[in-house]
1. Scan the stretch 339-364 for residues that are of a type in the set (K, R), buried (at least 16 other Cβ atoms within 10 Å of the Cβ) and under 12 Å from I321 (Cα atoms) and report the count.
2. Of all residues in the stretch 375-387, which are open to solvent by 60 Å² or more (accessible area, probe 1.4 Å) and either among the small types (G, A, S) or free of Cβ contacts under 8 Å to residues at least 60 places away in the same chain (or both)?
3. Within the stretch 326-338, which residues are out of contact with any Lys or Arg (no Cβ under 9 Å at 6 or more places or on another chain) and open to solvent by 50 Å² or more (accessible area, probe 1.4 Å)?
4. Check A198, A217, A190 and return the single one that is among the aliphatic types (A, V, I, L, M) and without any contact (Cβ under 8 Å) to a residue 60 or more places away in the chain.
5. Only one of (1) in contact with a helix residue (DSSP H, G or I) (Cβ under 9 Å, 6 or more places away or on another chain); (2) at pLDDT 90 or above; (3) more than 30 Å from G181 (Cα to Cα) is not met by L324, so which one is it?
6. So which residues in the stretch 189-218 are open to solvent by 20 Å² or more (accessible area, probe 1.4 Å) and among the polar types (S, T, N, Q), if there are any at all?
7. What do you reckon, is A342 more than 27 Å from the chain's Cα centre (by Cα) and in contact (Cβ under 8 Å) with a residue 12 or more places away in the chain?
8. Output the number of residues of the stretch 345-368 satisfying the condition of being part of a strand (DSSP E or B) and over 18 Å from G296 (Cα atoms).
Amino acid sequence: MAFPAEALNRTLARLADHPFYRGRLPGAVADEEEFAAAVPLTTRADFATEMRKLGYGAFGGAKPVRVNLTPMGPSLVPVFQTRGDLDRMIAAAGTHLAACDIGEGDVCAVTFGYHLFVAGLFYQSQMEAHGVACIPLGPGEAERAAELCNGHGVTVLAGNPSFSLRLIEAGLKPPRVFFAGGEPFTGNEALYARVRAAMPETTLVDAFSLSEFLPVARTFPGGEGVHVFDELVHAEAIDSETLEPVPDGERGELVLTHLAKEAQPLVRYRTGDLTVRRTTAPVHGRTVSLPRVVFGRTDEMVKVKGVKIYPSEVGAVLLGIEGLTGKYRIAVESERGRDRLALTLEGRADDDALEAVAERFRRQTLIGADRIEVAAALDDGPVTVDRRGGA
């Protein structure tokens, strides 16, 4: 993808006098390298701290028409959308609905929550704007929800994959299109396979968003992973230690910039999510993909055998392995000057399961575990134990 200099320079010019950015942004940048060097990063703590100030600090005065709340630290932080923000979000989502051949005559059931949080109303708004009849079911009561969906000819379902499987078990006729969210989907091979088996003819859509960035990316027909809505968002991946951009196709921390947001515009926002960003041939006009969406957090990092390991990556490795609870511990020690890494997993697992874990771990982290063992129960100690002394 060519660097979107024009869109980013419009953003820099628009935010030059914004109270949060005044004096901190360059007038313009020529390329990705200059953008990364000249534009400071913003953290979740920066954002949350500002929003907790009287009148929402530098982000006050936005005149929102929608307020959602998202947990950040010890409290809920409001996320604002102006009328213009909603219109742009709905227009971007509309291009995806069109790509999935969703439109007038379709009926969508939304089983995401509506109370305080963001997903339910967002799906409701975009469907209605695209001419789709929408039933705001919310979560829970699987038998009643399945009956209502079947009775009203639902063709599109939006919700949590695990709850959607419960709807199928309760008798729901598989929809033509299913929008997944709220838990790892394409990144969880076992869950994805279960949903595919339950909905064999359904178009399955994985959607990735943050409350602060809505929407970020979705699977488009013919694409790989989720493709970024680049009319709304510029996506980068950085090394969470050096804060320098990583090459295309390498794992790093996802960093996002709003291109047109009126309320709470965020520039080079560190999400803390571990991902791979890849440039692709155009897919419905989008050329930036997150092929495996996100698969960990960058809050903690340890170097083993010269490779950066993010402990939360192991959670993605264990998804769908039968018998394991998902709880784990990483221990690193030095033996004759060489790093040794041991994984201890909670639960039960046979040799085939352990072999699958070993292969997934190697594929995910690019190094092998020297030892993998299973314990019936793990205590609540630290996830990572580094016994290398001053290493």
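The values are calculated or read from the model by the stated rules, or taken from the named source; none is laboratory data. None of the values given here were measured: they were computed from a predicted structure. Don't worry about glycine lacking a Cβ; one is built from the backbone with ideal geometry, like all the others, and counts go over all protein chains shown. Calculation scope for accessible area: heavy atoms of the full protein, side chains included, ligands and nucleic acids excluded. Shrake-Rupley method; radii C 1.70, N 1.55, O 1.52, S 1.80 Å.
1. 1
2. A376, A377, D379, D380, P382, R387
3. K327, E335, R336, G337, listed by residue number.
4. Testing whether each residue is among the aliphatic types (A, V, I, L, M) and without any contact (Cβ under 8 Å) to a residue 60 or more places away in the chain leaves just A198.
5. (3)
6. Answer for the stretch 189-218, where residues must be open to solvent by 20 Å² or more (accessible area, probe 1.4 Å) and among the polar types (S, T, N, Q): T203, S209, S211.
7. Numbers: more than 27 Å from the chain's Cα centre (by Cα): yes; in contact (Cβ under 8 Å) with a residue 12 or more places away in the chain: yes.
Yes; evaluated as a whole, the condition is true for this residue.
8. Count: 2.
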